[in-house]
Every structure is written in C-alpha cells, then in structure tokens.
Amino acid sequence: MTSLLSTPEFWQYLSIPVIAALIGWSTNWLAIKMTFYPLEFIGKPPLLGWQGIIPSKARKMAAISVDATISKIGTVREIFQQIDPKVLATHIVHSVEPRIEEYVDEMMLREYPTFWENLPASARNMVYDRVRKSTPQLVDNLVEDVSDNIEDLLDIKGMVIERLASDKQLLNRIFLECGEVEFRFIVNSGLYFGFLFGLIQMAVWYVYQSWWVLPFFGLLVGWATNWIALNVIFRPLHAHKVGPFRLQGLFLKRQPAVAESFCHIVTHEILTVGNIINAILDGPKGDRARNMVRKHIKPLVDETAGMGKALTQVAFGPTGFATLKNQVGEKAITISQTSFNNPVFEKDRARAVESIMVERMVALSSEEFQDLLRPCFQEDEIKLILVGAFLGFAAGVCQLVFVFGQSVMSFVA
C-alpha cells in the first residue's frame with residue numbers, strides 16, 4: 001500500500017475524478033452567474049462581451065414572469081378589492097385631516113395671498129371646517145368611482161413589467177430568491193455528477209489512453225452536469241411513488257414555499273398601494289384618472305364658498321374662481337400620490353393581497369407553476385451549455401498536458 005501511495009501514476013489517476021468534479025462544479029457555477037450577471041453589458045457589443053441573460057432580456061423575462069404568475073392568480077379587480085377601497089378612503093381621510101389647514105393655507109396663499117391674508121380669522125376657520133366636513137364624503141365617492149372603473153384605469157401587467165424592466169436587480173432577486181435551493185443544487189450537483197463521470201473517465205483512460213479521451217470527457221462533464229441538474233429540478237413534472245419515495249422535480253416539490261417567497265416580493269415591493277395609485281394616475285389612462293379626481297374634488301370649492309359664493313367670485317373674478325377649482329383638483333392629485341408613504345399601512349395592505357395570491361399560486365398546476373423559473377434557463381440555454389462544454393474541453397486538454405505530461409501532437413503522431 002505504501003509503495004502504491006508513493007507511485008506518481010496512482011495520484012495521476014486519482015486526480016481524474018477530482019478534476020472532473022471541479023470541472024462540473026465550476027462550469028455549473030459559471031452558468032448560474034452568467035444567467036444573472038453582469039446587469040449591464042460589459043465589453044464591446046454586440047459579440048465581444050457579456051450581459052447576464054436575465055438582465056439582457058429584462059422586459060421579455062418580466063413579461064414571461066407576469067404571464068406565468070400574476071395573470072393567473074389574481075385579476076385587477078380582485079387585487080384592488082383585496083386592498084379594500086373603504087380602507088383606502090379611510091386612510092386618505094386620516095392622512096389629510098390633520099393637515100387641512102396647512103393645505104388650504106398653502107393653496108390660497110399661493111394663488112390669492114392678499115384676499116386670504118385679509119380674510120378674518122373667523123371666516124378662515126369657517127373654510128377649514130367646511131373642508132374638513134366635506135372631505136370624507138368626497139373621498140368615499142372618488143375611491144368608489146375608481147374602484148368601479150379599476151379594470152380600465154389600471155394596466156397591472158404593464159405596471160409590473162415596467163417596474164421589473166427598469167429594475168434589473170429586482171428582477172434578478174425574484175428568480176434568485178424563488179430558485180435559491182435549485183440554484184444551489186445545480187452548483188453542488190456539478191461536483192457530484194462530475195466526480196461520477198470522472199470515475200468512468202478514469203476507467204476508460206486506464207484501458208484506452210488516446211489523446212482525445214480526457215478532453216472529450218471534460219467536454220462531456222461541462223455539458224452533462226448542467227443538463228442533468230436542470231432535468232432533476234423540473235422532472236418528473238408530476239409526483240410518482242416509487243416504494244417509500246416520492247419522485248418529483250425539486251422546484252415543483254417546493255411550490256408552497258416558492259409561492260410565499262414570490263408573492264411576498266411582488267406584494268411588498270411592486271404591487272404596493274403607492275405604486276398602484278401612481279400607476280393609475282401616471283399610466284396609459286392617467287388623464288382619465290386625473291379628471292376623475294378633479295371631478296369629485298371641484299365641488300369642494302362650491303361647498304366651501306357656500307352662501308358667500310357670489311362674493312368669492314367677485315373677489316377672485318370669474319377666471320380666478322375657475323382657477324381655484326382647478327388648483328384644488330391638482331392639489332388633490334398630489335395628495336393622492338403622497339398619502340401612502342406610510343410603511344405600516346403599505347405593509348398591512350401588502351399582507352392582505354399576499355394572502356390571496358399565495359393561495360392561488362399554490363393551486364396552480366405543475367405545468368403552470370414551472371413557468372415561473374423554467375424560462376430563465378430556457379433563454380439562451382445553449383450558450384451556457386456551449387460555454388460549459390468549451391471550458392470542460394479546455395480543462396481536459398490541460399489535464400492531459402500538465403497532469404500526465406503528454407502533448408496532443410505526440411498522441412496524434
């Protein structure tokens with residue numbers, strides 16, 4: 001045994017499965033990294049350089065992700081109803097009520113400073129009170145109108161795609177956190193499968209020492225370990241009982257856990273109340289939504305002017321009174337977009353939406369559920385396999401030259 005351990009040839013042969021394991025691990029690790037990084041193209045486009053597959057096709061990958069999940073687990077109306085319009089209205093009123101005097105003063109001093117400063121304090125207090133009393137009903141009517149027309153006002157698919165396409169780091173996070181276990185398996189499995197291939201390679205090399213054996217097996221390890229890992233993750237699609245064992249793709253087995261992870265990110269960072277309100281007011285139907293706000297808020301000016309409306313119109317002039325109504329509407333739009341910066345409220349509403357989304361996502365079929373993660377491997381998968389195969393081949397050549405001290409030309413000759 002001592003003489004065997006001191007023989008260089010023994011260590012050379014022993015190095016074959018070890019190197020194969022390292023090839024499998026490193027090529028799989030590189031494949032994962034190349035899928036997600038770098039976020040921006042590095043090099044000289046279009047061919048000399050690289051950008052992560054997911055970031056390079058951010059809009060397409062975001063659309064695939066939305067189609068595979070959000071489009072199937074909740075309609076726009078269901079999501080908005082889960083947020084609860086009544087809760088929204090109450091929150092807006094509670095946010096605005098303590099600052100009504102501030103808002104009224106700000107607007108009046110900006111548009112009609114002389115009139116407002118010369119108005120008796122009792123008259124100003126009357127305006128504050130009327131605004132305070134009128135606000136709850138006006139807000140209720142506005143939120144109800146938005147709720148009734150939400151499917152036309154909010155393009156939720158477009159909203160999510162725009163957010164993910166513009167934030168590649170967040171897009172990466174969705175895939176990385178949902179597939180964390182699977183990505184770790186892919187990298188580690190390269191080590192196991194590579195070692196097994198190395199044992200076969202060692203046996204073949206022992207009986208047949210042709211120059212192409214080591215490079216060929218290096219290529220095979222670089223290609224096959226990735227391919228096997230992907231199939232173990234997604235196949236079999238449906239659970240099969242084999243004795244005491246339940247066989248199913250690793251990702252598919254974790255459907256409940258993945259659903260919780262995905263829905264948490266989506267509801268707490270994308271489909272937040274603030275983002276939804278901004279998407280309604282600034283989206284494709286933003287003009288209609290803004291007009292809706294103005295329509296419901298403008299009567300506040302008439303209500304506030306009350307019996308002194310004629311006097312108010314004289315003081316402002318016909319054009320000035322119309323301007324005042326418009327300014328009230330614009331201020332209401334601004335308040336609508338800034339009333340949801342409360343982290344506690346956002347988190348509470350996010351949980352409400354998350355609960356229904358998780359429930360729906362867990363209920364997806366295996367065919368539908370796999371579409372959440374599978375596309376990130378399918379996009380340009382051949383490039384990753386070819387890179388792994390090339391690196392494996394190069395490692396095999398290095399093994400031939402530096403471990404066994406041979407040259408390719410000597411074998412060919």
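The values are calculated or read from the model by the stated rules, or taken from the named source; none is laboratory data. Note that the coordinates shown come from a computational prediction; the quantities given were computed from them, not determined experimentally. Positions of Cβ are backbone-derived with ideal geometry, glycine not excepted, and every protein chain shown enters the neighbour counts. Each accessible area value is taken on the protein alone, full model and side chains, heavy atoms only, with ligands, DNA and RNA left out. Shrake-Rupley method; radii C 1.70, N 1.55, O 1.52, S 1.80 Å.
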* Structure fact -> Conditions (1) under 35 Å from the mean Cα position of the chain (by Cα); (2) in contact (Cβ under 8 Å) with a residue 12 or more places away in the chain -> D148 fails only (2)
* **Breaking point among (1) surrounded by 15 or more Cβ atoms within 10 Å (Cβ to Cβ); (2) among the β-branched types (V, I, T); (3) without any contact (Cβ under 8 Å) to a residue 24 or more places away in the chain, for T114** => (1)
* What tally of residues in the range 182-204 results from selecting those that are among the charged types (D, E, K, R) and without any contact (Cβ under 8 Å) to a residue 40 or more places away in the chain? -> 1
* If you go through the range 201-243 one residue at a time, how many are aliphatic (A, V, I, L, M), in contact with a Ser or Thr (Cβ under 8 Å, 6 or more places away or on another chain) and outside any helix (DSSP H, G or I)? -> 1
* Is the range 212-223 home to any residue that is out of contact with any strand residue (DSSP E or B) (no Cβ under 7 Å at 6 or more places or on another chain) and either surrounded by fewer than 13 Cβ atoms within 10 Å (Cβ to Cβ) or on the phi > 0 side of the Ramachandran plot (or both)? -> no
* Residue match in the range 24-41 (condition: closer than 19 Å to L171 by Cα, small (G, A, S), under 18 Å from the mean Cα position of the chain (by Cα) and crowded, with 17+ Cβ neighbours inside 10 Å) -> no
* Name every residue in the range 135-146 that is within 15 Å of E78 (Cα to Cα) and buried (at least 19 other Cβ atoms within 10 Å of the Cβ), in order of residue number. => V146
* To do: From W11, W25, grab the single residue that is over 27 Å from P256 (Cβ atoms), in a helix (DSSP H, G or I) and modelled with pLDDT of 85 or more.
  => W25
* Could you figure out which of (1) assigned to a helix (DSSP H, G or I); (2) modelled with pLDDT under 90; (3) open to solvent by 30 Å² or more (accessible area, probe 1.4 Å) isn't true of H268? => (2)
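Residue-wise test of (1) under 25 Å from the mean Cα position of the chain (by Cα); (2) modelled with pLDDT of 80 or more.
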site: S71; (1), (2): yes, no
site: Q82; (1), (2): yes, yes
site: A89; (1), (2): no, yes
site: P98; (1), (2): no, yes
* Considering (1) farther than 30 Å from L22 by Cβ; (2) within 27 Å of the chain's Cα centre (by Cα); (3) of a type outside the set (A, V, I, L, M); (4) at pLDDT below 85, say which one D282 fails and leave the rest. => (4)
* Structure fact -> The correct count of residues that are open to solvent by less than 50 Å² (accessible area, probe 1.4 Å) and among the basic types (K, R) in the range 151-201 is 1
* Report the residue count in the range 145-200 for those that are farther than 28 Å from I277 by Cβ and assigned to a helix (DSSP H, G or I). => 22
* To do: Report whether or not V96 is hydrophobic (A, V, I, L, M, F, W, C), in a helix (DSSP H, G or I) and open to solvent by less than 30 Å² (accessible area, probe 1.4 Å).
  => yes
* Spot the failing condition for F217; the list is (1) farther than 30 Å from F251 by Cβ; (2) at pLDDT below 85, and only one is missed. => (1)
* Structure fact -> Quick count over the range 52-93, residues being hydrophobic (A, V, I, L, M, F, W, C) and open to solvent by 60 Å² or more (accessible area, probe 1.4 Å), is 0
* Among the numbered criteria (1) under 30 Å from K168 (Cβ atoms); (2) surrounded by fewer than 16 Cβ atoms within 10 Å (Cβ to Cβ), which single criterion is violated by E101? -> (1)
